[in-house]
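Notes for the one structure printed next.
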Amino acid sequence: MAEHETSLLCHELLLRLAGRLPDARLWRYRDWLAGDAADVFAQSLPRDLVRERIALTDTDHRLLSDAVLPLGADPAVVDAVLPGDEPRWDDYTFTAESPAGGMGDSEILVLGATLRDRQGIHEVRSSWRGRTGSAMAADLKRVVVVTASGEFAELAGEVQRILRALGEHEPRVEVLTPETEPTPYHRAALAESVLICAGAEETVGHRAYG
């Protein structure tokens with residue numbers, strides 16, 4: 001399998017795991033995938049899925065195998081990942097309203113300046129994710145959702161590096177293609193989001209995410 005195709009499978013797998021893997025691990029996997037550490041990605045991800053007891057559907061387990069086995073993952077560890085049904089996706093709620101009460105924060109300004117009118121990008125949106133049942137503003141974490149037409153893993157890595165430089169230690173960056181069928185997690189984030197900026201690509205009308 002071509003390296004580019006394997007990278008796309010790995011990126012799709014991480015999209016499927018958003019909201020399920022801990023943020024501290026998910027951003028690191030995206031960083032490895034965007035860099036030159038795909039082999040580390042492939043060896044570590046199945047172990048984390050086993051350790052965190054994250055169950056995968058048959059479809060997602062095939063995606064895992066197709067993504068990481070060509071990169072040197074241990075087949076025994078891949079086989080040890082628990083089987084399960086579709087996740088319930090009810091641990092989080094989303095809101096478009098910033099806990100700071102406005103859009104003039106440094107992350108918005110820098111992302112807008114960096115990605116506005118960028119080739120290959122349709123739009124960049126921001127949402128705030130909280131734990132279901134929590135009313136504490138301090139629990140809200142920004143999720144950046146980018147719709148792009150190429151270089152998905154590389155773009156996710158770039159946006160993560162920008163956010164980390166601005167002080168976000170565990171950036172939550174989701175890069176979708178216009179054709180991507182969003183998971184319920186991404187659909188909920190998009191339904192409660194605000195536009196940061198538009199890229200140079202023609203914006204494709206969003207599906208009904210609510």
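The values are calculated or read from the model by the stated rules, or taken from the named source; none is laboratory data. These numbers come from a predicted model, not from an experiment. Positions of Cβ are backbone-derived with ideal geometry, glycine not excepted, and every protein chain shown enters the neighbour counts.
Please give the number of the condition ARG187 fails out of (1) exposed (fewer than 15 other Cβ atoms within 10 Å of the Cβ); (2) in a helix (DSSP H, G or I). The number of the failed condition is (1). The residue of the range 161-177 that is nearest to the chain's Cα centre (by Cα), among those that are part of a loop (DSSP other than H, G, I, E, B) and under 20 Å from SER149 (Cα atoms), is ARG172.
Please work out if PRO182 is surrounded by fewer than 21 Cβ atoms within 10 Å (Cβ to Cβ) and in contact with a strand residue (DSSP E or B) (Cβ under 8 Å, 6 or more places away or on another chain).
Criteria met by PRO182.
Scanning the range 170-184 for residues that are modelled with pLDDT of 95 or more and not hydrophobic (A, V, I, L, M, F, W, C) gives GLU170, PRO171, ARG172, GLU174. Scanning the range 62-83 for residues that are farther than 21 Å from VAL40 by Cβ and in contact with a helix residue (DSSP H, G or I) (Cβ under 9 Å, 6 or more places away or on another chain) yields LEU82, PRO83.
Checking the conditions here, which among LEU26, LEU8 is surrounded by 20 or more Cβ atoms within 10 Å (Cβ to Cβ), assigned by TED's automatic domain parsing to the domain that holds ASP60 and modelled with pLDDT of 90 or more?
That would be LEU26, the only listed residue that is surrounded by 20 or more Cβ atoms within 10 Å (Cβ to Cβ), assigned by TED's automatic domain parsing to the domain that holds ASP60 and modelled with pLDDT of 90 or more.
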